[in-house]
1. How big a patch of accessible area, both sides summed and in Å² to the nearest 100, lies buried between B and A at a 1.4 Å probe?
2. Just counting partner chain Cβ atoms within 10 Å, what average do the residues of peptide A:102-109 show around their Cβ?
3. Mind ordering A:96-103, B:132-139 by average Cβ neighbours within 10 Å, highest first?
4. Ranking request for peptides A:18-31, B:110-123, B:17-30, A:37-50: highest mean number of other beta-carbon atoms within 10 Å first, then the rest in descending order.
5. Between residue B:157 and residue A:92, what is the label-point separation in nm under the 7 Å Cα-to-beta-carbon projection?
6. With the cut-off at 27 Å, tell me which of the pairs A:112/A:154; A:112/B:14; A:56/A:94 have Cα atoms farther apart than that.
7. Averaged over peptide B:107-118, how many Cβ atoms belonging to another chain are found within 10 Å of each residue's Cβ?
8. Could you work out, residue by residue across A:112-123, how many beta carbons of other chains sit within 10 Å of that residue's beta carbon, and then give the average as an integer?
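The values are calculated or read from the model by the stated rules, or taken from the named source; none is laboratory data. Not measured: the values here are computed from a predicted model. Quick reminder, even Gly has a Cβ in these numbers, built from the backbone with ideal geometry, and neighbours come from all protein chains shown. Just the protein is used for accessible areas: all its heavy atoms, side chains included, with ligands, DNA and RNA removed. Shrake-Rupley method; radii C 1.70, N 1.55, O 1.52, S 1.80 Å.
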Amino acid sequence: MKQEEIEFAQMVRAHKETIYTVCYMFAKDADEVNDLFQEVLINLWSGLGQFRGESKMDTWVYRVSLNTCISSDRKKKQQATVPLTMDINLFEDKDEDTHQIQMLYKRIHQLKPFDRAIVLLWLENMSYEEIAAIVGITVKNVSVRLYRIKEQLKQMSNQ
Amino acid sequence: MEENLNTIELNEMKQQISLLRRKLEKETIVNEKLIRASMQDKLKALKRRSYIECVVGIAAAVLWKFGISSDFNPLFIDFTAFFLFFAVAYEVYSNRMLSAQNYIEGNLVEEARKLNHYKKLARQWYWFSIPIVCIWFCWYLYESYTVHAEQGRFLFIWGLIGGTIGGVIGWNIYRKGRKAINEVIEQIEELTGEKE
């Protein structure tokens, strides 16, 4: 492997949780997570050479992952993807931890796509400035939006 | 205000996302094969569709003009070849905004806007091309009848069946795709306060 390829493999391994979390929250089932995951990797690989380090690597990975998942045209993806290597199935497993994760998935998945992105970034403790830069709205708008999202989440819990 | 809203549910969500991360940390998730496939797939995945459409469109136009259609009216031949070239040019034009660069540097709103613009162009193409294809098909039948009268009936029946099935499938795909796009457009309007 060339140096660039080795670095890419290291970067993917270091950020696999971030990529998976975004794909999981935007997918309907395990197959879709697979498709989205690979699409994110393709976009990360395409952009690695141009990553200038102006933002943190984690923020950049989030940006590419969210852009890919929000803009993905699912019907286009009929090509075979290489399956993810996982011993767990977050859509079907029944243990208590997975149940907790499924509760989170259910809540986030009920939100609209952009709100899903905003709340995910917020849950990862990103600042309002960072969220605003990734989503492309003002900081004030982020705070208003988050307020509404939190209200929505509270209502969901009350139902 | 935020303090008041940071109730049990929100703290619970933070705990749940940490749980998800911890669970994922223990997993391999990506193997060597997946990483390699993604690196090799770069050009294929991003450009394959446009590339194939362009090659097929140009090849069909050239073949039509200089090959299979020599018995037909020259005006019909030129019109068909021109339409195929135009379709290729439109595909190239509408695809120019969908580059990997956008995903890397652009923000979510920008990206969704570009994608929606692309879809809008695709929609416009549907409305423009469907009547032309219908007219072309009638013209084709007429040409077929005048040049090869015995095959005219066969062409008409199978053309009608194929056209109807294709039309129903195409409309269904278009309708479902449009629903998803509308959701994203609505959200952009909500977030930015601007109408698309």
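1. Counting protein atoms only, the buried area is about 6700 Å².
2. 3
3. A:96-103, B:132-139
4. Those peptides, ordered most packed to least, come out A:37-50, A:18-31, B:110-123, B:17-30.
5. 4.7
6. Checking Cα-Cα distances, A:56/A:94 exceed 27 Å.
7. That works out to 5 on average.
8. Taking all residues of A:112-123 together, the mean is 4.
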